[in-house]
Amino acid sequence: MTIHNQRLPAQLDSPPALEPEVAEQSKMMTQRRIYDRPGPENRPSARPRVVVIGAGFGGLSVARHLARADVDVLIVDRNNYHGFWPLLYQVATAGLEPESIAHPVRAIIRKYPNVGFRMTEVRHVDFEHKQVLTDSTPISYDYLVLAAGSANNYFGNDTLAERTYGLKDIDDAERLRNRVLSAFERAISESDPERRSTLMTFVVVGGGPTGVELAGAFIELIRHVLKHDYPVLDVSEAHVVLVEGMDSVLAAFPIALRRKAEQRLQTMGVDVRLQTLVTSVEGDCVTFKDGSQVRAGTVVWAAGVRAALLSDSLDVSLGRGARVRVEPTLNLADHPEVFVVGDMAYLEKDQNGQAYPMVAQVAIQQGKQAAKNIVAQTFKRPMLPFRYVDKGSMATIGRRSAVLDAFGVRLSGYPAWLGWLFVHLMALVGFRNRIIVLTNWAYNYFTYDRGVRLITGAKECD
Ligand SMILES: Cc1cc2nc3c(=O)[nH]c(=O)nc-3n(C[C@H](O)[C@H](O)[C@H](O)COP(=O)(O)OP(=O)(O)OC[C@H]3O[C@@H](n4cnc5c(N)ncnc54)[C@H](O)[C@@H]3O)c2cc1C
């Protein structure tokens with residue numbers, strides 16, 4: 001309504017008087033246009049409207065590549081920020097402030113006049129009527145891009161979801177940081193040695209990059225920082241266990257780098273348990289498939305990933321991990337105007353039964369291709385299939401150590417760590433964030449300290 005009022009005076013001022021019938025028809029058309037084809041932020045527009053669900057790596061890439069196109073783009077996200085998830089584990093381990101790995105979406109899109117933003121939760125998509133159903137008003141589209149990312153996969157074991165900590169967004173990371181620091185606060189007043197040791201035991205389930213980085217950062221936090229904060233506690237009672245179902249960590253890396261990563265974790269003091277599957281978590285008792293058990297105050301689930309829960313509510317064909325099956329051109333076979341990119345999309349590489357990995361580069365490159373194919377559709381030109389340029393992978397294993405496999409170069413140790421620092425710093429969105437992260441890293445590196453070890457929000461008292 002406000003929007004109508006803002007626009008109407010200017011529209012009424014200039015045009016000459018119309019015949020009543022024509023005026024009525026014109027009014028109806030204008031109203032329909034305002035309702036059906038709103039511009040980026042509900043302004044009337046005759047241009048096609050592209051709605052992008054998700055302001056992550058994929059969604060922002062779509063918007064960026066449509067910024068000069070003759071379309072209006074509306075990004076919809078439940079949060080008002082873009083999160084840089086590769087550094088999330090550093091928030092969970094008190095190395096970085098949450099704000100330093102997130103950037104407001106409105107600040108990112110400010111330079112794109114045809115891109116708008118709406119903060120709301122998307123619940124469903126009505127493909128037939130081309131409407132996105134949200135917690136607020138429905139949003140109509142001409143083209144839709146689903147880029148809602150991923151969620152933890154508990155493989156149908158709902159109790160794991162209730163009893164373990166996830167690491168998927170900033171709220172998760174803050175919750176985990178609070179939990180770890182609270183565990184030490186409780187341990188200091190615990191007289192029973194067994195109970196104290198349980199409080200100081202952290203189990204990370206999943207030996208992928210997230211699990212490896214988290215386990216390394218936990219042990220460093222304990223050995224270098226909390227040791228000094230709690231001088232009366234014997235930190236040798238603290239225990240970090242990394243559990244992996246396969247016979248090595250970092251399965252996507254070459255075998256030599258995997259072994260280096262395992263050795264490094266063990267040297268740091270992480271208890272790496274390979275070919276070990278978690279069957280249940282009851283209270284503080286973690287039970288493995290071979291019947292053995294570990295008592296741990298905190299269990300983190302980094303063992304499985306699936307598409308965002310939104311995919312469950314869509315009437316579309318799903319591949320492994322509930323990811324939405326797409327054509328090589330990244331759109332749905334039945335709805336060519338609907339594209340899916342990033343973690344949510346299921347597209348097999350070379351029909352070899354393996355989908356593209358759920359990593360940032362895939363999301364960014366798919367976002368670019370989806371944007372190009374939307375423009376192709378508006379010009380009724382043929383669309384092109386997605387082609388992935390693999391820029392390699394890297395994972396850090398604590399201070400001064402990482403593994404890197406890119407463009408045929410395989411590195412481990414300090415040089416790989418420097419490469420990791422550089423790539424992650426440059427990939428962060430926002431100059432301010434880069435400065436804050438760099439300052440924090442330098443401070444942590446030279447002082448062995450972590451400045452962000454605050455217990456905030458709801459306190460954990462159990
Ligand atoms: C802890 C962690 C570490 C990682 N480390 C690396 C790494 O080192 N290197 C790497 O390449 N990749 C890494 N990844 C994976 C990488 O972050 C993802 O592959 C990438 O973010 C996928 O981009 P996306 O756009 O598909 O989803 P995302 O970037 O996750 O964005 C999805 C967006 O959709 C929004 N959203 C979801 N559901 C809804 C809804 N129903 N309504 C409204 N909004 C919604 C979310 O709020 C989010 O902003 C990591 C991921 C995690 C969680």
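The values are calculated or read from the model by the stated rules, or taken from the named source; none is laboratory data. What you see is a predicted model; the values in this text were computed from it and never measured. Every residue, glycine among them, receives a Cβ derived from its backbone with ideal geometry; neighbour counts consider all protein chains shown.
See the values below:
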item	result
Close pairs from region 316-329: first over 10 Å from residue 346 (Cβ atoms), partner surrounded by fewer than 17 Cβ atoms within 10 Å (Cβ to Cβ), Cβ under 7 Å, at least 6 apart	327/333; 328/385; 329/384; 329/385
Residues being outside any strand (DSSP E or B) and more than 9 Å from the ligand (Cβ to nearest atom) - total across region 72-91	3
Residue among 199, 146, 167 that is touching a helix residue (DSSP H, G or I) at 6+ places or on another chain (Cβ under 9 Å) and in the same structural domain as residue 74 (by TED's automatic domain parsing)	146
Subset of region 162-174 that is touching a residue at least 24 places away in the same chain (Cβ under 8 Å) and in a helix (DSSP H, G or I) - its residue that is farthest from residue 57 (Cα to Cα)	163
Only one of 102, 94, 69 that is buried (at least 17 other Cβ atoms within 10 Å of the Cβ), closer than 29 Å to residue 220 by Cβ and more than 15 Å from the ligand (Cβ to nearest atom)	94
For residue 444: the one exception among (1) assigned to a helix (DSSP H, G or I); (2) under 30 Å from residue 223 (Cβ atoms); (3) of a type in the set (S, T, N, Q); (4) in contact with an Asp or Glu (Cβ under 8 Å, 6 or more places away or on another chain)	(4)
Tabulated pairs, region 93-105, first assigned to a helix (DSSP H, G or I), second modelled with pLDDT under 95 and not small (Gly, Ala, Ser), C-beta under 6 angstrom, 6+ apart or interchain	100/433; 100/436; 100/437
Unmet requirement for residue 449, which otherwise passes all of (1) surrounded by fewer than 19 Cβ atoms within 10 Å (Cβ to Cβ); (2) among the acidic types (Asp, Glu); (3) farther than 27 Å from residue 224 by Cβ	(3)
Residue in region 143-150 that is within 11 Å of the ligand (Cβ to nearest atom) and more than 29 Å from residue 329 (Cα to Cα) present	no
Residue in region 176-189 that is within 14 Å of the ligand (Cβ to nearest atom), in contact (Cβ under 8 Å) with a residue 60 or more places away in the chain and crowded, with 18+ Cβ neighbours inside 10 Å present	yes
Strands (runs of 3 or more DSSP E) fully within region 329-421 counting 1 or more residues that are within 13 Å of the ligand (Cβ to nearest atom) and among the aromatic types (Phe, Trp, Tyr)	338-340
Test: residue 278 is within 19 Å of residue 92 (Cβ to Cβ) and either among the hydroxyl-bearing types (Ser, Thr, Tyr) or under 28 Å from the mean Cα position of the chain (by Cα) (or both)	no
Matching residues, region 207-216, being small (Gly, Ala, Ser), within 20 Å of the chain's Cα centre (by Cα) and surrounded by 23 or more Cβ atoms within 10 Å (Cβ to Cβ)	207, 211, 215
Qualifying positions in region 411-438 - over 18 Å from residue 86 (Cα atoms) and surrounded by fewer than 17 Cβ atoms within 10 Å (Cβ to Cβ)	413, 414, 415
Within region 223-266, tally of residues that are aliphatic (A, V, I, L, M), within 20 Å of residue 402 (Cβ to Cβ) and touching a residue at least 40 places away in the same chain (Cβ under 8 Å)	8
